[in-house]
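These notes are about the structure you will find just below.
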Amino acid sequence: MIKTKVKASRNYTVITGRRLIGRTGKLIEEIRPFAKKILIVSESRVAPLYLARVKASCMKAGFEVYAYVFEAGERSKNIDTIAGMWSAMAQEGFTRTDLIVALGGGVCGDMAGFAASTFLRGIDFIQIPTSLLAMVDASIGGKTGIDLPEGKNQVGAFWQPSLVIEDISCLDTLPDEVFIEGMAEVIKYAFIMDIPLYKLLRENSITALRSDPALLEKMVGMCVKDKAYVIQNDEHDNGLRQTLNYGHTVGHVIEKNSNFSLPHGVCVAKGMGIMINACEKNSTLSSEDAMNMKDLIRAYNLPVDDDITPEQAVAGAMNDKKKRGSILSVILVNKIGHSQIKKMTHKEYLEFLR
Ligand SMILES: NC(=O)c1ccc[n+]([C@@H]2O[C@H](COP(=O)([O-])OP(=O)(O)OC[C@H]3O[C@@H](n4cnc5c(N)ncnc54)[C@H](O)[C@@H]3O)[C@@H](O)[C@H]2O)c1
Ligand SMILES: [Zn+2]
């Protein structure tokens, strides 16, 4: 079991280990002994697998437990689902000392966190991430929110969880393609800031990770430490936290242009591949590093290229009206394990990608 402390506007612990969900009730009791009621928010794919265990554990610890289960998928990430959570809590007379528990992937965590940040002007919430992406990224750092028809994550709040319980045993049921998507974010940490993680990924394989819980726990723990470090130094996304966008500026455009038919992780991998090529062409990254980086992405069954043109990539990044004419923060990796934020005008960015 690995415990990582996150120091932010609210301090909390991320516990990464095996067979933890059965201990949820006890773990919550330790940090919030005065809470009475818990709303477990989950979704239609995860709830049948894990809700009963989490619920039983919380009841055993003496909490009054309610559940709110929405339909799995990004399409549920909207205000109607949030309103359902608000009503469920209001109807059961939740007070400011009661809690929300998010049991699911990033969609569930982002929404449960947003409901917690707004209900009674803010109640505590606990993350139990069940997807790899949610364990290494979404459940830590307090970005919560929902999508609008106009765009993803357009409404939200910074609201840190009070505890994150990462039971890597839950990854056993995660479909391969969803696991691989999460690996794109893991590889991202390795490239931007973590040479030991880079080595671990090179020395192992997707099969090894999926069949060796101790190795998986170690890998997830390393990512958690990376994310915690970033949050500690830039909770509100004004500097360092932007480095987590490596591969995402181009990746988001590819994702949007595919009408969201391509998974996020696949687009991020493509985005990283394009940035690697651009850095190599501009002689800021050695050919050896470039080759090794692309080999690693491919080794985890992710793509490294796309037929998006530099013009399309730049137009997409500039599409947001607010950004038009202004400066872009482009995240570069010029050496494995080190990242840099480079301000570029749209013309410079275009030159860079060409
Ligand atoms: N808050 C942040 O900092 C942050 C960071 C990155 C991404 N996000 C958000 O996270 C979301 C993506 O997260 P995600 O990839 O976890 O999506 P998700 O929550 O939709 O989960 C992916 C799929 O895996 C299924 N699933 C989850 N856990 C499972 C398990 N243990 N067993 C079987 N199936 C399981 C889900 O039902 C879903 O079909 C996006 O909405 C994105 O905006 C937030
Ligand atoms: Zn991402």
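General observations
- Restricting attention to the stretch 64-73 and to residues that are in contact with a strand residue (DSSP E or B) (Cβ under 7 Å, 6 or more places away or on another chain) and within 12 Å of ligand 1 (Cβ to nearest atom), the residue that is most open to solvent (accessible area, probe 1.4 Å) turns out to be GLU71.
- Residues satisfying the stated conditions in the stretch 120-133, i.e. in contact with a helix residue (DSSP H, G or I) (Cβ under 9 Å, 6 or more places away or on another chain) and either near ligand 1 (Cβ under 8 Å from one of its atoms) or open to solvent by 20 Å² or more (accessible area, probe 1.4 Å) (or both): LEU120, ASP124, PRO129, THR130, SER131, LEU132, LEU133
- When TYR229, TYR198, TYR246 are checked against the criterion of being aromatic (Phe, Trp, Tyr) and in contact with a Lys or Arg (Cβ under 9 Å, 6 or more places away or on another chain), TYR246 stands alone in meeting it.
- Residue in the stretch 301-315 that is in contact with a helix residue (DSSP H, G or I) (Cβ under 7 Å, 6 or more places away or on another chain), on the phi > 0 side of the Ramachandran plot and in the same structural domain as ALA208 (by TED's automatic domain parsing) present: yes
- Residue under evaluation SER42, criteria (1) touching a residue at least 24 places away in the same chain (Cβ under 8 Å); (2) surrounded by fewer than 18 Cβ atoms within 10 Å (Cβ to Cβ), criterion not met: (2)
- For the stretch 281-295, residues that are in contact (Cβ under 8 Å) with a residue 60 or more places away in the chain and either in contact with a Leu (Cβ under 6 Å, 6 or more places away or on another chain) or crowded, with 18+ Cβ neighbours inside 10 Å (or both) total 1.
- Inclusion of ARG241 among residues that are within 16 Å of ligand 2 (Cβ to nearest atom), among the basic types (Lys, Arg) and either over 17 Å from ILE140 (Cβ atoms) or under 16 Å from the mean Cα position of the chain (by Cα) (or both) is warranted.
- Scanning the stretch 149-199 for residues that are away from ligand 1 (no atom under 12 Å from the Cβ) and without any contact (Cβ under 8 Å) to a residue 24 or more places away in the chain gives PRO149, GLU150, LYS199.
- Among the candidates ALA116, ALA138, residue that is among the aliphatic types (A, V, I, L, M) and within 16 Å of ligand 2 (Cβ to nearest atom): ALA138
- Only one of the numbered conditions (1) within 23 Å of ILE192 (Cα to Cα); (2) open to solvent by 70 Å² or more (accessible area, probe 1.4 Å) is violated by ALA278, and that is (2).
- Residue match in the stretch 339-353 (condition: at pLDDT 95 or above, closer than 23 Å to ILE180 by Cα and either open to solvent by less than 30 Å² (accessible area, probe 1.4 Å) or of a type in the set (A, V, I, L, M, F, W, C) (or both)): no
- Within the stretch 258-280, tally of residues that are within 16 Å of ligand 2 (Cβ to nearest atom) and free of Cβ contacts under 8 Å to residues at least 60 places away in the same chain: 7
- Residue in the stretch 222-236 that is more than 24 Å from ILE180 (Cα to Cα) and within 16 Å of ligand 2 (Cβ to nearest atom) present: yes
The values are calculated or read from the model by the stated rules, or taken from the named source; none is laboratory data. This structure is a prediction, so every number in the text was calculated from the model and none was measured. Glycine gets a Cβ as well: all are built from the backbone with ideal geometry, and neighbour counts include every protein chain shown. Keep in mind that these areas ignore ligands, DNA and RNA; they rest on the heavy atoms of the full protein, side chains included. Shrake-Rupley method; radii C 1.70, N 1.55, O 1.52, S 1.80 Å.
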